[in-house]
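Visitor: This is the structure I have questions about; it appears just below.
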Amino acid sequence: MRERHVKDSDNERTALDELRHFLKDDARCSARRDTVFLLPFLRFTKFDVKAALEKTQTYYRRRSSCPKIFKNLKASEEIESQARNLVAALPGKDTHGRPILLLKLGAWDPSSLPQYRIQRAFNLWLEQLSRDPATQDVGICFILDFGGWSFSKSLACEMGLAKKAIRILQDGLPLEITKAHVLRQPRAFSIFFSVLKPFLSKDEVSRFNVHGEDFKSLHAEVPRGLLPKEYGGTAIFEFESLWDYLRGPES
C-alpha cells in the first residue's frame, strides 16, 4: 500500500510539473501555477495533462470574457451581507458524497443587489468547492430555493450574465453539477427555466429535480441534519456564518 501511495505521489508531481511547463509557455494564459489550483484540473481529467491544460486555458478564457464577475475575484473579498445570505455551501455532503451548494434565488432583491454581485459570491464558492476531490469524482449538488421568485425578477435577470455562468460551469471549472434540487418554485419559475433550457444539454436538464414543497423527496438525498428548518431539516445555524468556511489561497 505504501509503495502504491509513493507511486501515485510521484505521478502526481510529474503531471503537475508538465502542466506548469505548458502553462509557462502559454503567454496568452496567465494562470496560477500552484498545486492547490492546478490539482483539481488534473484530477478532473484523470491526470491527462493535455486535457487539463485545455480545461485550464478555457477556464481563464471564460473568466476574461466576463470581468464584471471575475475581475479581482478573491476569497478575501468582502461580500455584502445580502449576497452572503443568498448563497453558501452546507457543512456536509449528500447521500452520494457530493458537496452541497445552496442558493436562495427567490429571496434576491434586484432593486438593492445587482445580479453580478450574487454571481461573484457564487463563483467564490464554486472555486473553493472545486478543491474538494469529491467534486471531481461524484460532482456537486445544488439546492435552488425559488420561494419568492416572480415574473419581475425574471425580467430583471441579465440573461447574458446567466449564460456566462452556465458556460463556465459546463467547460471551465474542474467540477460537474450532477444534481440540482429545485424547491418552492412558483409559476414564474417555469417561464424562467424555459429561457435557460436552450443553454443546457439534455443530460443537464435531466439532473434537475423539482420538489416544490415536498421536502421528504429532498431528504432522500440530502440528510435532514444538514438542512435548516425551512426545508424540513434539523440543522441550526446562521446562514451567513457558513461563509466562515470559505478559506484558502487567493484565486
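Visitor: For the range 73-103, how many residues meet the condition of being assigned to a loop (DSSP other than H, G, I, E, B) and in contact with a Phe, Trp or Tyr (Cβ under 8 Å, 6 or more places away or on another chain)?
Guide: Within the range 73-103, the first condition is being assigned to a loop (DSSP other than H, G, I, E, B), and the residues that meet it are 73-80, 85-86, 94-98.
If we keep only those that are in contact with a Phe, Trp or Tyr (Cβ under 8 Å, 6 or more places away or on another chain) as well, we get 79, 85-86.
The total comes to 3.
Visitor: Do we have any residue at all in the range 175-185 that's touching a residue at least 24 places away in the same chain (Cβ under 8 Å) and part of a helix (DSSP H, G or I)?
Guide: For the range 175-185, residues touching a residue at least 24 places away in the same chain (Cβ under 8 Å) and part of a helix (DSSP H, G or I): absent.
Visitor: Which one of these is surrounded by 20 or more Cβ atoms within 10 Å (Cβ to Cβ), modelled with pLDDT under 95 and over 18 Å from E77 (Cβ atoms): K164, K104?
Guide: K164
Residue by residue, here is whether (1) charged (D, E, K, R); (2) under 19 Å from I118 (Cβ atoms); (3) over 18 Å from the mean Cα position of the chain (by Cα) holds:
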| residue | (1), (2), (3) |
| --- | --- |
| L144 | no, yes, no |
| S152 | no, yes, yes |
| A188 | no, yes, yes |
| F193 | no, yes, yes |
| F208 | no, no, no |
| D214 | yes, no, yes |
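Visitor: Could you check the range 40-51 and list, in sequence order, the residues that are free of Cβ contacts under 8 Å to residues at least 40 places away in the same chain and in a helix (DSSP H, G or I)?
Guide: L42, V49, K50, A51 - these are the residues of the range 40-51 that are free of Cβ contacts under 8 Å to residues at least 40 places away in the same chain and in a helix (DSSP H, G or I).
Visitor: Is it true that Q115 is over 30 Å from G225 (Cβ atoms) and in the same structural domain as I140 (by the TED database)?
Guide: yes
Visitor: Just wondering, is there one or more residues in the range 20-37 that are under 18 Å from the mean Cα position of the chain (by Cα) and either of a type in the set (V, I, T) or outside any loop (DSSP other than H, G, I, E, B) (or both)?
Guide: Of all residues in the range 20-37, those under 18 Å from the mean Cα position of the chain (by Cα) come to 36-37.
Then keep just the ones that are either of a type in the set (V, I, T) or outside any loop (DSSP other than H, G, I, E, B) (or both); that gives 36-37.
So far as the range 20-37 goes, yes, one or more of its residues are under 18 Å from the mean Cα position of the chain (by Cα) and either of a type in the set (V, I, T) or outside any loop (DSSP other than H, G, I, E, B) (or both).
Visitor: Let me ask something else about it. Give the residue, chosen from F193, F189, that is surrounded by 16 or more Cβ atoms within 10 Å (Cβ to Cβ), in the same structural domain as I100 (by the TED database), part of a helix (DSSP H, G or I) and in contact with a Phe, Trp or Tyr (Cβ under 6 Å, 6 or more places away or on another chain).
Guide: Values: F193 fails: in contact with a Phe, Trp or Tyr (Cβ under 6 Å, 6 or more places away or on another chain).
From the options F193, F189, the qualifying one is F189.
Visitor: Restricting attention to the range 2-10, does a residue exist that is assigned to a helix (DSSP H, G or I), in contact with a Lys or Arg (Cβ under 9 Å, 6 or more places away or on another chain) and either among the basic types (K, R) or not assigned by the TED database to the domain that holds L173 (or both)?
Guide: no
Visitor: Pull up the range 112-142, narrow it to residues that are in contact (Cβ under 8 Å) with a residue 40 or more places away in the chain and among the small types (G, A, S), then point me to the one that is nearest to F41 (Cα to Cα). Steps first, answer last, please.
Guide: Pass one, the range 112-142, residues in contact (Cβ under 8 Å) with a residue 40 or more places away in the chain: 115-116, 119-131, 133-142.
Checking which are among the small types (G, A, S) leaves us with 121, 130, 134, 139.
Details: A121: 21, S130: 9, A134: 13, G139: 13 Å.
It comes out as S130.
Conditions (1) modelled with pLDDT of 95 or more; (2) crowded, with 22+ Cβ neighbours inside 10 Å; (3) among the polar types (S, T, N, Q); (4) touching an Asp or Glu at 6+ places or on another chain (Cβ under 6 Å), marked per residue:
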{"residue": "L73", "(1), (2), (3), (4)": "no, no, no, no"}
{"residue": "S76", "(1), (2), (3), (4)": "no, no, yes, no"}
{"residue": "S81", "(1), (2), (3), (4)": "no, no, yes, no"}
{"residue": "N85", "(1), (2), (3), (4)": "no, no, yes, yes"}
{"residue": "S111", "(1), (2), (3), (4)": "yes, no, yes, no"}
{"residue": "C141", "(1), (2), (3), (4)": "yes, yes, no, yes"}
{"residue": "G147", "(1), (2), (3), (4)": "yes, no, no, no"}
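The values are calculated or read from the model by the stated rules, or taken from the named source; none is laboratory data. Worth saying up front: this structure is predicted, and the values here are computed from it rather than measured. Note: ideal-geometry Cβ built from the backbone for every residue, glycine included; neighbour counts use all protein chains shown.
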